[in-house]
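Quick one: the structure is below, and I'll ask about it shortly.
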Amino acid sequence: MSILTQTQTKTYKSRYADDKQKELYTKFPSTSFLGNERNVDHVLRWNTFFRRNLHRLAIDYLGINLHPYQALTLYLMGICQFVVIIACRAAAKSFLIALYACCRCIIYPHSKIVLSSATKGQSKLIISEKIRNELMNMSPVLQKEILKIKDNQNEVIVYFRSGSTIVVVPASENGRGHRSNVVVREEFRQIDKNVDDSILSPFQTIRQPPYMIDPYYAKIKELQEEPIDIYISSSWLDPHWMWDIVDSAYDSMLKGQGGCLLAFDESITLKHNIRTQRQMQKEKRKQDPITWQLEFLNTRLKENQSAFFTYLMLQQNQTIKRPFYPRTMIDVRLNKKNPYDIPKQNNEVRIVSCDMAFVENKKNDNSIFTCMRLLPDFMTYTRDSDNEVKMSNGYRRLVPYIESIQGGDTVRQALRIRQLFDDFNADYIVLDMRNAGVSIYDMLAREIYDDERNIYYSPLCCMNDDAVANRIKIDGANPCIFVINASQKLNSDIAMEFRRTLTEKRIEFLVNYETAKEETLPKIKEYVSTPNADEQAFYEAPFFETQALISESTSLVYEKKPDTGVIIIHEQGNNRKDRYTSCSYGNYFASLIERENIAPGEDYEYGTFIN
């Protein structure tokens, strides 16, 4: 038997091997597995098969079960050099990124893979949650392939026994200096295009396996591997630079130039039981219509050409991660200091801006309270070599909290305004006097007893309208209520002022809910520890209210009166504009304070315009 085996081994010749590969078995001891010519040939052929079918490596070698769409995606990622995937939430994007990176590191030794996203923590989760906690638990074989994982504040790297690495690099100026054969840009719509062009793309180099140093292979161009560029994201509004990447991948795919474009909507998550229909319905109730279409329906939405405020105009200002929360009833009863209070800065001004509703139980008819911080903004320039001038740049607006309550009960609404005024440590109240707004004012102008908090609130009075101020005159009343009696011209000025503030990026809103769910809410111990859905909703509410504000504002259309130049803003269909009204009124009042507080002669000029 042994003589026959030796004879077969000696006569075995692979029809696929080149001259060097045919002699490769002679480089190993005869007792080694690779000392057998047939075994060497099988290793080379299986390696080729797995490189061309990356999904089979995951299924057959790593033992990881895949849904059909995941297998197809992994296969295409393995054979294309330019891959773009636009997928809805919960479509297992991070899982696929992690699995692809591991498979490539195994089958292509000495690979350098870079994972990058707008925040380092976002990419870090792919390694900590997906590779270490999920994939390695699913596959003992993968555990053996990975040498070690370094995961600290400065470095996050996966080291493979093949000599390959997966490195997390932030998509920022701090990411310079790395080299890669594959760059995976996660949620690339959040990455600045200049960063992608000037920092991430220059990482790319050709993988140099040791055999390519051999003169026998060095001149064979077909063996040179193109660097791999992978872009993965949820959808976003068009125009945005991400759509240039999408269109480029689509053209490359149609022309057979190594490109690939894949897109998945929420039906993928339902089909494969990643999420249930009830879960999706619950998510839909939480989201505003635009966010729902982008994040779950995976729609390529274009900006409404008739919109006065564009989505990008508002979204670019979503930068606040820390919300303000008013005192809860438990804190009040225990006489406990508000753990979510935001200390006031020097010369900071705070506003509670209100849009009131008075029809109880009417669908979507809510009173809206916007808490706005005005932070003095200064710029310093040098007039000459020895003289620095500090010039006022007005106020930077921050909106850390928006609240909606059902309209109707004027007493309840007046009490809520006073509660927020105290909790937020506000200086002014901006009050819409339309409809029954005057009733709210009359209550605020008198002493009010708060039964819930067992406290008397002192009287307030109007600061800008003598007729309103004279309705109720009480000595010592705080003149802090700015009333707005809206006219067509005033509403036009308010809208144009809000647009100017948005375009100049001088107002900041809370980040979107998905970002909050990853970066903010997990840091709130009460949110994480409570099993009560209502308590969780309390902490989530400001983020949803912010999204609703953005959705309302971008749904508004306008017309310009040719004779007066006045801008008329109005809703479409059953849409509301309560949140827009509340926030824009507060912003308008902030602009008036700016004009009043900036000393005459300073180089500060206001101007409103519309394209």
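The values are calculated or read from the model by the stated rules, or taken from the named source; none is laboratory data. Quantities reported herein were computed from a predicted structural model and do not represent experimental measurements. As a convention, Cβ positions derive from the backbone with ideal geometry for all residues, glycine included, and neighbour counts pool all protein chains shown.
For region 171-188, which residues satisfy the criterion of being in a loop (DSSP other than H, G, I, E, B) and crowded, with 18+ Cβ neighbours inside 10 Å? Lay out the reasoning, then the answer.
Of all residues in region 171-188, those in a loop (DSSP other than H, G, I, E, B) come to 171-172, 176-179, 181, 187.
Within region 171-188, Ala171, Asn181, Glu187 meet the criteria.
Also, I was wondering about something else. Among the residues of region 108-152, count how many are surrounded by 17 or more Cβ atoms within 10 Å (Cβ to Cβ), assigned to a helix (DSSP H, G or I) and among the hydroxyl-bearing types (Ser, Thr, Tyr).
The number of residues fulfilling the criteria is 1.
Any residue at all in region 289-303 that's farther than 13 Å from Ile85 by Cα, assigned to a strand (DSSP E or B) and at pLDDT below 80?
yes
Additional query: Residues of region 156-175 being of a type outside the set (A, V, I, L, M), closer than 30 Å to Asn194 by Cβ and either in contact with a Pro (Cβ under 9 Å, 6 or more places away or on another chain) or in contact (Cβ under 8 Å) with a residue 12 or more places away in the chain (or both), which ones? Show your work before the answer.
Initially, region 156-175 is screened for residues of a type outside the set (A, V, I, L, M), giving 159-165, 170, 172-175.
Remaining after also requiring closer than 30 Å to Asn194 by Cβ: 164-165, 170, 172-175.
Passing the criteria: Ser164, Thr165, Pro170, Ser172, Glu173, Gly175.
For region 253-264, what are the residues that are crowded, with 19+ Cβ neighbours inside 10 Å and assigned to a helix (DSSP H, G or I)?
Result: Met253, single match.
Then there is this: Within the set of pairs 6 or more residues apart or between chains, which connect a residue that is at pLDDT below 95 inside region 340-354 to a residue that is hydroxyl-bearing (Ser, Thr, Tyr) and in a loop (DSSP other than H, G, I, E, B) with Cβ atoms less than 8 Å apart?
Correct list of pairs: Tyr340/Tyr325.
Now for a different question. Would you say Tyr216 is surrounded by fewer than 15 Cβ atoms within 10 Å (Cβ to Cβ) and among the aromatic types (Phe, Trp, Tyr)?
Details: surrounded by fewer than 15 Cβ atoms within 10 Å (Cβ to Cβ): yes; among the aromatic types (Phe, Trp, Tyr): yes.
Judged against the criteria, Tyr216 is a match.
A further question follows. Look at Glu226 and say whether it is under 26 Å from Lys112 (Cβ atoms), modelled with pLDDT of 85 or more and in contact with a Lys or Arg (Cβ under 8 Å, 6 or more places away or on another chain). Step through it out loud before you land on a result.
On the way: under 26 Å from Lys112 (Cβ atoms): yes; modelled with pLDDT of 85 or more: yes; in contact with a Lys or Arg (Cβ under 8 Å, 6 or more places away or on another chain): no.
No; evaluated as a whole, the condition is false for this residue.
Another one. Which ones in region 394-416 are among the hydrophobic types (A, V, I, L, M, F, W, C), out of contact with any helix residue (DSSP H, G or I) (no Cβ under 6 Å at 6 or more places or on another chain) and surrounded by 22 or more Cβ atoms within 10 Å (Cβ to Cβ)?
Once the filter is applied, which keeps residues that are among the hydrophobic types (A, V, I, L, M, F, W, C), out of contact with any helix residue (DSSP H, G or I) (no Cβ under 6 Å at 6 or more places or on another chain) and surrounded by 22 or more Cβ atoms within 10 Å (Cβ to Cβ), region 394-416 yields Leu398, Val399.
Another question, then. Quick check on my filter: what residues within region 45-55 are part of a helix (DSSP H, G or I) and either polar (S, T, N, Q) or out of contact with any helix residue (DSSP H, G or I) (no Cβ under 6 Å at 6 or more places or on another chain) (or both)?
Taking region 45-55 as the starting set, the residues that turn out to be part of a helix (DSSP H, G or I) are 45-52, 54-55.
Residues satisfying the conditions are Arg45, Trp46, Asn47, Thr48, Phe49, Arg52.
Starting from region 425-439, take each residue that is more than 22 Å from Arg350 (Cα to Cα) and at pLDDT below 90 and list its partners that are of a type in the set (S, T, N, Q) and assigned to a helix (DSSP H, G or I), counting only C-beta distances under 9 angstrom and pairs at least six apart or across chains.
So the pair list comes out as Ala436/Thr410.
Could you tell me whether any residue of region 550-559 is in the same structural domain as Ser404 (by TED's automatic domain parsing), under 16 Å from the mean Cα position of the chain (by Cα) and more than 18 Å from Glu403 (Cα to Cα)?
Scanning region 550-559 turns up no residue that is in the same structural domain as Ser404 (by TED's automatic domain parsing), under 16 Å from the mean Cα position of the chain (by Cα) and more than 18 Å from Glu403 (Cα to Cα).
Arg207 versus (1) among the charged types (D, E, K, R); (2) closer than 19 Å to Thr119 by Cβ; (3) surrounded by fewer than 22 Cβ atoms within 10 Å (Cβ to Cβ): which is the lone unmet condition?
(2)
Quick one: which helices (runs of 4 or more DSSP H) lie wholly within region 477-591 and hold at least 2 residues that are basic (Lys, Arg) and within 26 Å of Pro376 (Cβ to Cβ)? Give the derivation first.
Working: elements: 488-503, 513-519, 525-529, 533-555.
Output list reads 488-503.
Go through region 161-189 and give me each residue that's over 16 Å from the mean Cα position of the chain (by Cα) and among the basic types (Lys, Arg). Please lay out each step first, then the result.
So the first thing to find is which residues in region 161-189 are over 16 Å from the mean Cα position of the chain (by Cα), and the list is 161-169, 173-184.
Arg161, Arg176, Arg179, listed by residue number.
Does region 46-81 hold any residues that are of a type in the set (Gly, Ala, Ser) and either closer than 18 Å to Asn137 by Cα or touching a Leu at 6+ places or on another chain (Cβ under 9 Å) (or both), and which are they? Break it down stepwise before answering.
The first filter runs over region 46-81 and keeps only residues of a type in the set (Gly, Ala, Ser), leaving 58, 63, 71, 78.
Ala58, Gly63, Gly78, listed by residue number.
Still on this structure, please answer the following. Which residue is nearest to the chain's Cα centre (by Cα), if the candidates are limited to region 228-252 and must be in a strand (DSSP E or B) and not aliphatic (A, V, I, L, M)?
Our first condition is that a residue be in a strand (DSSP E or B); within region 228-252, this holds for 228-233, 238.
Then drop every residue that is not not aliphatic (A, V, I, L, M), which leaves 229, 231, 233, 238.
Numbers: Asp229: 22, Tyr231: 16, Ser233: 11, Asp238: 16 Å.
Only one residue fits best here, namely Ser233.
Sticking with this structure for a sec: Starting from residues that are closer than 14 Å to Phe82 by Cα and of a type in the set (Asp, Glu), keep the ones in region 219-252 and report whichever is surrounded by the most Cβ atoms within 10 Å (Cβ to Cβ).
Looking at residues that are closer than 14 Å to Phe82 by Cα and of a type in the set (Asp, Glu), I get Asp229.
Considering only region 62-77, state which residues are in a loop (DSSP other than H, G, I, E, B) and not polar (S, T, N, Q). Steps first, answer last, please.
Start the filter on region 62-77 by keeping residues that are in a loop (DSSP other than H, G, I, E, B), which leaves 62-67.
Correct list: Leu62, Gly63, Ile64, Leu66, His67.
Confirm whether Ile440 is buried (at least 17 other Cβ atoms within 10 Å of the Cβ), among the β-branched types (Val, Ile, Thr) and outside any helix (DSSP H, G or I).
No.
Testing Ala58 on (1) closer than 23 Å to Glu145 by Cα; (2) surrounded by 16 or more Cβ atoms within 10 Å (Cβ to Cβ); (3) in the same structural domain as Tyr216 (by TED's automatic domain parsing), one condition comes back false. Which one is that?
(3)
From the list Leu334, Leu314, exactly one residue is within 29 Å of Ala426 (Cβ to Cβ) and at pLDDT 85 or above. Which is it? Step through it out loud before you land on a result.
Numbers: Leu334 fails: at pLDDT 85 or above.
Answer to the check: Leu314.
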